[in-house]
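Student: Structure below; questions to follow.
The values are calculated or read from the model by the stated rules, or taken from the named source; none is laboratory data. For clarity, every value in this text was computed on a predicted model and none was experimentally measured. Heads up, the Cβs are rebuilt from the backbone with ideal geometry, glycines too, and the neighbour counts pull from every protein chain shown.
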Amino acid sequence: MSTFVQVLLDGLLAGMLYALVAAGLSLIWGVMDVINFAHGEFLMVAMYLSYWLGFLAHIDPIISWVASGAFVFILGALTYRFIVSRCIGKAAMAPLLATFGLSMFLKNFCLNRFSPNFRILQTTLLEGRKFILGDIVIGLPQLVTGLFSLAILFTLYYLMKKTRLGWAIQATAMDSEAAELMGINTDRIYLLVFGLGGACVGIAGGLLTSYLAVHPEVGALFGLIAFLIVAMGGFGSIPGALAAAIIIGLVEALAGFYIAPVFKYVAVFAIYLVLIMARPKGLFGW
Amino acid sequence: MQKHKVLSVVSLLVFSLLLSAGCAPAAENVLKIGVLFPLTGPCATAGQRCVAAVETAAEVINNKHPELDVPLAKQQGILKGTKIQLIVADTQGKPDVAKSEAERLVNQEGVYTIIGSYNSSASKPASAVTERSKKLFMCGCSSSAALTDRDFKYFYRLAPTDKTESKEFVEYIEWLNKNQKAGIKTIGLIYENTEFGKHAADEGKAAAKAAGFEIVADVAFNPGATNLNSEVQTLKAKNPDAVFGACLGGDYTLWVRTMKQMNWLPNVVLNYCTGYQDPKIAQQLAADGNFFMGGTGYSPEIGAKYMKKVAAVEKIYTKKVGVPFDSDSIQEAVALFILAQAIEKAGSLDVEKVAEVLRTTTFDSPLSLGGKVAFGPGGQNMKATSIITQLHNGKYMPVYPASYAEIKATVPMTPWDKR
Amino acid sequence: MSDAILKVHDIHCAYDAVPVIHGISLEVREGEIVAIVGANGAGKSTTMRTIAGLMHPTQGTVSFLGEDVTRTAGYAMVTKGISFVPEGRRLFSKLTVRENLELGAYTENNRPVIEERLEEVFTLFPILKNRANQVAETMSGGEQQMCAIARGLMSKPKLLMLDELSLGLMPSLVEKVLETVVEINRKGTTILLVEQMVQEALEIATRGYVIQTGRIVQEGTARELLESDSVRKAYMGM
């Protein structure tokens with residue numbers, strides 16, 4: 001029984017982390033209809049920043065996530081201004097290919113500058129701390145990341161649903177020309193959305209360094225899982241992303257433990273396929 | 001418009017910078033050797049070190065190094081002045097890329113030999129290419145036993161195989177049960193779901209079963225995972241006394257960290273040639289890496305004691321990558337040395353003659369543990385040995401065989417909460 | 001006779017280098033209702049979109065209140081005092097009526113002013129008050145059209161541009177909507193509208209322009225146009 005609870009908890013916490021990674025992608029995809037192929041690499045860049053801040057300046061990830069979030073916000077905004085905005089209105093594949101190029105550039109840049117070495121922060125405030133309740137162990141870094149994820153997703157949801165800025169973002173997503181007629185500077189909204197999407201994944205990356213090694217390839221699988229989550233949850237839907245992420249986390253953990261670890265991604269992709277066939281617009285899709 | 005032009009020129013420049021590795025000026029009388037390793041992808045660190053090791057050997061062979069006491073150091077080049085030119089290529093750790101790059105090296109670059117390719121899964125298709133073209137393939141550290149079970153004529157491998165390592169692991173566990181009352185009865189395996197991992201695990205299971213141990217956990221995982229929770233949870237639930245691990249690079253650190261988070265450890269962990277042997281990873285894991293064990297063909301500690309001639313060569317290597325040789329990379333340097341020695345002895349570049357020399361000669365190899373290299377059937381180095389070490393604060397301390405042992409191994413491993 | 005607030009001088013427009021408007025000039029004076037009429041595809045909507053800043057002419061100028069706004073971006077036209085209710089209503093379909101209206105006043109940051117304007121449009125369209133928290137796409141066509149006009153009014157424009165209000169509405173509703181337009185005009189908003197229902201439009205208009213294949217073929221007071229033989233023949237089937 002306690003093993004079951006432990007597996008569930010592990011899945012839940014992994015899912016919450018995935019949700020934070022996916023939220024930014026979902027936002028960008030939902031508002032702009034653009035797939036940011038460099039999303040996983042944004043995560044990697046945030047992790048490197050957090051790592052170097054921890055390693056050189058001894059700033060703990062629990063504080064430096066602010067810097068990671070801000071840095072990737074700017075990275076996202078620049079990506080929009082100099083890459084994506086030039087592709088919009090051209091062929092549908094153009095932004096995809098352009099951000100794919102960006103992802104290769106970022107990966108190879110980090111490979112070149114920082115070498116492919118695996119780097120881990122050795123002593124962080126959270127590292128190795130855990131709650132032990134009987135047989136159940138909850139790692140503090142995972143828990144904190146999970147709670148952060150919930151808090152940020154909630155903030156994002158509130159922003160989108162309850163503020164004029166959020167309505168303006170939604171309006172831009174639904175009909176950018178009509179939004180323009182309301183006096184909404186849609187170009188500015190896109191810039192902001194790309195930045196916000198970056199900030200979410202930046203914060204996730206910043207916190208991840210508490211327990212995960214950084215290397216140039218670290219973003220690849222996270223990026224892929226984020227795509228699944230966004231497609232499963234419904235493009236642009238924050239609650240959808242959270243629900244889909246938790247489903248993926250749980251499926252991964254349960255299949256990994258009760259069937260076979262090597263089966264876990266098989267199960268994840270199978271669930272994805274089934275869900276997408278049953279509901280092509282995703283769980284919370286429009 | 002002008003801005004666009006500047007931008008595209010700059011990006012082109014950046015790309016050419018990224019792609020410029022491996023372009024060396026051509027000289028007269030050169031022997032082109034393909035050096036095929038994973039330079040990008042999850043095993044890039046290891047691959048780049050392997051390349052640096054081959055470069056180190058080439059430098060020693062090509063230039064006069066009277067201060068070094070290793071074969072071919074005192075002369076310039078081989079066959080009276082032929083210099084070795086390395087053509088570096090990237091497998092990305094992928095079998096298909098390895099195959100196509102091997103074809104390119106053989107057909108377009110016209111290399112004489114390929115040295116590579118770290119991942120067994122990459123060495124396998126790449127060496128099939130050379131075999132068909134009757135070119136030599138010198139394999140340093142790929143450890144899948146299957147590679148030398150193919151009866152290839154032109155394939156030679158230096159490192160011990162998973163099979164020999166597995167036998168040694170089991171032997172050591174029996175020794176521990178006898179001498180340190182370790183009481184190990186059950187064994188678990190965790191390995192990446194690849195050519196290398198699966199073969200290592202198969203050999204491990206076979207060896208353990210033959211000796212009467214019970215296999216209670218058999219955990220394969222996909223490399224490059226975002227977490228290893230289910231994997232460690234499975235191990236924890238089955239609670240084996242000893243675990244054989246085959247986790248490379250980042251997966252190794254994630255595995256160790258996840259065990260720590262889940263507050264579980266077996267009594268003994270023995271690692272195949274993996275993340276354990278990487279000194280950088282040992283350094284990064286710091287105290288968390290302590291008491292893990294694994295097969296080691298080289299470490300500076302072992303070198304200082306049993307392979308005294310390595311240190312001077314190692315200096316050249318360390319200048320390139322910032323760390324000393326490790327069990328894997330040093331084998332790649334040996335691969336080039338042995339090839340050069342064989343060519344020198346054959347007195348010509350005739351592949352058949354050189355292969356004949358490789359098959360029949362016992363070579364002096366100061367960079368190999370034991371000091372000798374001799375190839376048996378299938379091209380396996382019969383003199384390859386490794387010793388089992390335990391990590392103590394970043395140092396690989398030999399614990400087995402008893403003749404090499406420097407400390408008594410900490411068995412069972414100290415639990416996380418008592419560290 | 002007051003001065004023109006909107007002056008369009010000889011504009012030429014093209015979609016993907018295919019010219020659709022070949023030199024249109026028109027003007028709107030303060031307090032007027034000006035109707036642009038013509039057949040489908042004559043270039044009416046393109047003219048409106050150009051004035052609203054959603055596209056820019058290849059040649060010619062647009063000026064509003066004496067300022068050249070030919071190249072001004074669409075979103076900036078709102079602050080200058082032009083509000084455009086596009087063809088097909090273009091409500092934000094997943095947002096509520098209230099959120100749609102609030103976005104109409106996006107350029108206004110003063111809360112009390114926004115509330116005041118909301119009250120104003122609710123008086124004009126009482127039905128919208130009851131539907132305030134309903135998602136826009138769940139309303140009937142007529143209600144959506146009212147919501148679109150109300151949203152256009154939320155920025156308190158000097159010039160309200162209405163494109164094909166009658167499209168997809170029952171004839172009885174068309175009349176009602178046009179009555180509202182007259183009421184809005186009476187309260188001081190200048191109106192430029194585009195219509196395919198030529199007679200209905202000209203009946204409420206001060207002046208009118210007839211567009212045919214990207215050119216103005218006739219202009220004059222609404223009465224003159226209503227009585228013109230060519231207009232009656234071409235557009236009213238008489």
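Student: Restricting to strands (runs of 3 or more DSSP E) lying wholly in region C:1-117: which have 2 or more residues that are crowded, with 17+ Cβ neighbours inside 10 Å and among the aliphatic types (A, V, I, L, M)?
Tutor: Hits in region C:1-117: C:4-15, C:18-29, C:33-38, C:82-85.
Student: Something else now. Taking the conditions exactly as written (surrounded by 16 or more Cβ atoms within 10 Å (Cβ to Cβ) and either of a type in the set (D, E, K, R) or touching a Gly at 6+ places or on another chain (Cβ under 8 Å) (or both)), does A:Phe118 satisfy them or not? Lay out the reasoning, then the answer.
Tutor: Working: surrounded by 16 or more Cβ atoms within 10 Å (Cβ to Cβ): yes; either of a type in the set (D, E, K, R) or touching a Gly at 6+ places or on another chain (Cβ under 8 Å) (or both): yes.
When the stated conditions are applied, A:Phe118 passes them.
Student: Being within 12 Å of another protein chain (Cβ to nearest Cβ), out of contact with any helix residue (DSSP H, G or I) (no Cβ under 7 Å at 6 or more places or on another chain) and more than 30 Å from A:Phe109 (Cα to Cα) narrows it down to one residue among A:Val262, A:Val268, A:Val251, A:Val274; which is it?
Tutor: Criteria check complete, one pass: A:Val262.
Student: Taking the condition of being farther than 22 Å from A:Lys130 by Cα, surrounded by 23 or more Cβ atoms within 10 Å (Cβ to Cβ) and among the acidic types (Asp, Glu), how many residues in region A:1-58 meet it?
Tutor: Total satisfying the criteria: 1.
Student: Kindly establish whether B:Val97 is in contact with a helix residue (DSSP H, G or I) (Cβ under 7 Å, 6 or more places away or on another chain), among the β-branched types (Val, Ile, Thr) and not in a strand (DSSP E or B).
Tutor: Working: in contact with a helix residue (DSSP H, G or I) (Cβ under 7 Å, 6 or more places away or on another chain): no; among the β-branched types (Val, Ile, Thr): yes; not in a strand (DSSP E or B): yes.
Judged against the criteria, B:Val97 is not a match.
Student: Next up: Tell me the residue from C:Leu54, C:Leu91, C:Leu128, C:Leu124 that is within 13 Å of another protein chain (Cβ to nearest Cβ) and closer than 16 Å to C:Met154 by Cβ, please.
Tutor: C:Leu91
Student: If you don't mind, there's one more thing I want to ask. Six or more apart or on different chains, Cβ atoms under 8 Å: show the pairs whose first residue is in region B:379-397 and of a type in the set (Phe, Trp, Tyr) and whose second is in a loop (DSSP other than H, G, I, E, B).
Tutor: B:Tyr396/B:Ser299
Student: Looking at (1) among the hydrophobic types (A, V, I, L, M, F, W, C); (2) on the phi > 0 side of the Ramachandran plot; (3) away from chain A (no Cβ under 13 Å), find the lone condition where B:Leu336 falls short.
Tutor: Just one mismatch for B:Leu336, condition (2).
Student: Any residue in region A:177-198 that is within 12 Å of another protein chain (Cβ to nearest Cβ) sitting within a Cβ distance under 8 Å of a residue that is among the basic types (Lys, Arg) and in a loop (DSSP other than H, G, I, E, B)? List the pairs, counting only those 6 or more apart or interchain.
Tutor: From region A:177-198, the pairs are A:Glu177/C:Arg90; A:Ala178/C:Arg90; A:Leu181/C:Arg90.
Student: Could I ask something else about it? Consider B:Ala333 carefully, then state whether it is under 20 Å from B:Cys273 (Cβ atoms), at pLDDT 95 or above and crowded, with 16+ Cβ neighbours inside 10 Å.
Tutor: Judged against the criteria, B:Ala333 is a match.
Student: Moving to a separate point now. Please determine, by comparing only the residues of region A:100-129 that are over 19 Å from B:Gly41 (Cα atoms) and not small (Gly, Ala, Ser), which one is nearest to the other protein chains (Cβ to nearest Cβ).
Tutor: A:Gln122
Student: Consider B:Gln277 carefully, then state whether it is among the polar types (S, T, N, Q), within 11 Å of chain A (Cβ to nearest Cβ) and either more than 21 Å from B:Asp162 (Cα to Cα) or in contact with a helix residue (DSSP H, G or I) (Cβ under 9 Å, 6 or more places away or on another chain) (or both).
Tutor: no
Student: Checking C:Ser63 against (1) under 30 Å from C:Glu119 (Cα atoms); (2) away from chain A (no Cβ under 14 Å); (3) not acidic (Asp, Glu): exactly one of these is not met. Which one?
Tutor: So C:Ser63 meets the others, but not (1).
Student: Going residue by residue through region C:156-172, is there one that turns out to be more than 13 Å from the chain's Cα centre (by Cα), modelled with pLDDT of 90 or more and not basic (Lys, Arg)?
Tutor: No - not one qualifying residue is present in region C:156-172.
Student: What is the residue count in region B:243-285 for residues that are of a type in the set (Val, Ile, Thr) and under 23 Å from A:Pro141 (Cα atoms)?
Tutor: 4
Student: Here are the criteria: (1) within 21 Å of the chain's Cα centre (by Cα); (2) without any contact (Cβ under 8 Å) to a residue 60 or more places away in the chain; (3) surrounded by fewer than 24 Cβ atoms within 10 Å (Cβ to Cβ). Tell me which single one B:Lys238 does not satisfy.
Tutor: Among (1) within 21 Å of the chain's Cα centre (by Cα); (2) without any contact (Cβ under 8 Å) to a residue 60 or more places away in the chain; (3) surrounded by fewer than 24 Cβ atoms within 10 Å (Cβ to Cβ), the lone unmet condition for B:Lys238 is (1).
Student: Could you check region B:74-83 and list, in sequence order, the residues that are in contact with a Lys or Arg (Cβ under 8 Å, 6 or more places away or on another chain) and touching a residue at least 24 places away in the same chain (Cβ under 8 Å)?
Tutor: B:Gly77
Student: Name the residues in region A:130-148 that are touching a residue at least 40 places away in the same chain (Cβ under 8 Å) and within 14 Å of chain B (Cβ to nearest Cβ), would you?
Tutor: The answer is A:Gly134, A:Asp135, A:Ile136, A:Val137, A:Ile138, A:Gly139, A:Pro141, A:Gln142, A:Leu143, A:Val144, A:Thr145, A:Gly146.
Student: Got at least one residue in region B:192-206 being surrounded by fewer than 22 Cβ atoms within 10 Å (Cβ to Cβ), more than 10 Å from chain A (Cβ to nearest Cβ) and touching a strand residue (DSSP E or B) at 6+ places or on another chain (Cβ under 6 Å)?
Tutor: Checked against the condition, which is being surrounded by fewer than 22 Cβ atoms within 10 Å (Cβ to Cβ), more than 10 Å from chain A (Cβ to nearest Cβ) and touching a strand residue (DSSP E or B) at 6+ places or on another chain (Cβ under 6 Å), region B:192-206 yields at least one hit.
Student: Moving on to the next point. May I ask you to list the residues in region C:134-146 that are in contact (Cβ under 8 Å) with a residue 24 or more places away in the chain and away from every other protein chain (no Cβ under 12 Å)?
Tutor: Matches in region C:134-146: C:Gln134, C:Met139, C:Gly141, C:Gly142, C:Gln144, C:Gln145, C:Met146.
Student: Within region B:270-285, is even one residue touching an Asp or Glu at 6+ places or on another chain (Cβ under 9 Å), among the hydrophobic types (A, V, I, L, M, F, W, C), outside any helix (DSSP H, G or I) and in contact (Cβ under 8 Å) with a residue 40 or more places away in the chain?
Tutor: yes
Student: Another question, if that's okay. Go through (1) under 24 Å from A:Asp135 (Cα atoms); (2) over 21 Å from the mean Cα position of the chain (by Cα); (3) away from every other protein chain (no Cβ under 14 Å) for B:Met262 and report which single condition fails.
Tutor: For B:Met262, the exception is condition (3).
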